[in-house]
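Asker: Next up is a structure, given as C-alpha cells.
The values are calculated or read from the model by the stated rules, or taken from the named source; none is laboratory data. Predicted, not measured: the structure shown is a model, and the values here were computed from it. Glycine also receives a Cβ, built like all others from the backbone with ideal geometry; neighbour counts cover every protein chain displayed.
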C-alpha cells in the first residue's frame, strides 16, 4: 500500500469532534480525556499539514479542508466497522434496549427508528414503553429517555431536547366559540392535564404557563386529567378543550 495511513485513533478523534463540534463531548464518547482527543487531532493535522478545526475559547468549527474530509472519513470508518462485524461470530450479535415514555416513544422515537436500523442493521432494538423510571441494571436497559433535571446517580447524562409550553386546542373550538383574546378567556373552557410524569412536570404545566402569561381568575387544577399523554392528546384533538403542548428541539440541531 502506497503512502502513510494516519493512526485509526486520530481518525476516530477527528470524526467525533467534527460531529459534535466539541472536544469535551467527543472525549466523553470515546472514553478518554479532552487532552488526549486534542493530541490525536493535532497528530492528524501535523501528518496532513493542514488545520482541520478553528478553535476559540467558546466554540469549535471545521475548516474547509475539514468539511471536505469528514464525509470520506465517516464512510471509511463505517466500512471498517461493517468489515469487522461481518466476520464476527454469531455470539457477537448486539442488541440495545431503550426505555421511554409511551407518548415519547410513539411520537418522537418511532419515526426515527427506520433511519437508525438502516445505518446499524446489526443492532436489534428493544423498545420498553413505560412511564416509571427505569433501573438500568435491574431492568436490563441500555438507554433511558426521561423528562427531568436529575440528579440521577451512577449514570451518564446527556441533554437530548429542550422544551417550551404552548396552549393548543381543537380547531372545532375556535370555529364554535371564536378565538381567545386574552389568557383570562381560558376560564370559560376546560383544561386538559397530563399527569403521567411524576414530580414538578406537566402536572404543574398549566400553573407555570398561566403565571407566565399573567392570567387571573383561571384555575390550573380544574379540567380533565389523564395518566397517559397519548390520551390527553387524543382528547384535545377530538373535543373543544384546551391542552398544553410541549414543543421540543434537539440542542445544536441534531439528535
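Asker: Considering the range 148-197 alone, what residues qualify as being assigned to a helix (DSSP H, G or I), in contact (Cβ under 8 Å) with a residue 40 or more places away in the chain and exposed (fewer than 12 other Cβ atoms within 10 Å of the Cβ)?
Answerer: The one that is assigned to a helix (DSSP H, G or I), in contact (Cβ under 8 Å) with a residue 40 or more places away in the chain and exposed (fewer than 12 other Cβ atoms within 10 Å of the Cβ): 176.
Asker: May I pose another question? Give me a count of the residues in the range 107-133 that are part of a loop (DSSP other than H, G, I, E, B) and under 22 Å from residue 231 (Cα atoms).
Answerer: Summing the residues that are part of a loop (DSSP other than H, G, I, E, B) and under 22 Å from residue 231 (Cα atoms) in the range 107-133 gives 4.
Asker: Taking the condition surrounded by fewer than 18 Cβ atoms within 10 Å (Cβ to Cβ) and at pLDDT below 85, does residue 78 pass?
Answerer: yes
Asker: Out of the range 223-250, which residues are at pLDDT 60 or above and either in a loop (DSSP other than H, G, I, E, B) or within 14 Å of residue 166 (Cα to Cα) (or both)?
Answerer: 223, 227, 228, 233, 236, 239
Asker: Next up: For the structure I just gave you, tell me whether residue 20 is surrounded by 15 or more Cβ atoms within 10 Å (Cβ to Cβ), in contact with a helix residue (DSSP H, G or I) (Cβ under 8 Å, 6 or more places away or on another chain) and modelled with pLDDT under 90.
Answerer: So residue 20 passes the test.
Asker: Follow-up. Of these, 51, 42, which one is more than 26 Å from residue 160 (Cα to Cα), assigned to a helix (DSSP H, G or I) and more than 27 Å from the chain's Cα centre (by Cα)?
Answerer: Of 51, 42, the one residue that is more than 26 Å from residue 160 (Cα to Cα), assigned to a helix (DSSP H, G or I) and more than 27 Å from the chain's Cα centre (by Cα) is 42.
Asker: With respect to residue 32, is the statement that it is touching a helix residue (DSSP H, G or I) at 6+ places or on another chain (Cβ under 9 Å) and in a helix (DSSP H, G or I) true?
Answerer: Criteria not met by residue 32.
Asker: List the number of the failed condition for residue 87; all other conditions in (1) exposed (fewer than 10 other Cβ atoms within 10 Å of the Cβ); (2) under 24 Å from residue 6 (Cβ atoms); (3) modelled with pLDDT of 85 or more hold.
Answerer: (3)
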